[in-house]
Amino acid sequence: MKFFSATLAAFALLAATANGSPMLRQGKGGSVTQSSDSVTQSSSSSNCNLTGTYKKGTDISSCSSITIGSLSVPAGVTLDLSKAKTGATIEFTGTTTFGTQKWAGPLVLLGGND
């Protein structure tokens, strides 16, 4: 009975691992495709919210307050927060996940004066 339980647990772990990350899926041709979600950047009076899938080049330069909710950053893409407005506040409220790829990075780029 112990052997059966251990075998069942091993198969469950294998199935969960083989399913892969929900951020990246392998397409029919063997190529990796990104999730279809996109970044939602909503702004009201210079308050910006970033959620969904981050896209390279997202403009945050006019935001005085940036809230980063549940955000996924694709593999090989830097989460660039270096162009934030002077004096802007950046708050991470959700989980930020990064796709996996061997690359030079960086994962996050920050810069500013205040």
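We did not get these values from a lab; they are worked out from the coordinates using the rules stated. Treat the numbers as computed from the prediction; the structure is a model and nothing was measured. Don't worry about glycine lacking a Cβ; one is built from the backbone with ideal geometry, like all the others, and counts go over all protein chains shown.
Assorted remarks:
- Loop-resident sites, region 76-114, for trypsin sites (Lys or Arg not before Pro), counting at most 16 other Cβ within 10 Å (DSSP): K83, K102
- Label-zone membership for region 66-91, site V108, 7 angstrom Cα→C-beta point, backbone N under 11 Å: 68, 79-81, 90-91
- Under the combined filter of DSSP loop state and at most 14 neighbouring Cβ atoms within 10 Å, region 54-114 retains these chymotrypsin sites (Phe, Trp or Tyr not before Pro): W103.
- Less than 5 angstrom separates the built amide H of T67 from those of C48, N49, L50, E91, all sequence-distant by 5 or more or on a different chain.
- ³J(HN,Hα) computed for each position of region 57-74 - Karplus, 6.51 cos²θ - 1.76 cosθ + 1.60, integer Hz, glycine/proline x: x, 4, 8, 10, 5, 9, 8, 8, 9, 10, 10, 9, x, 5, 10, 10, 10, x
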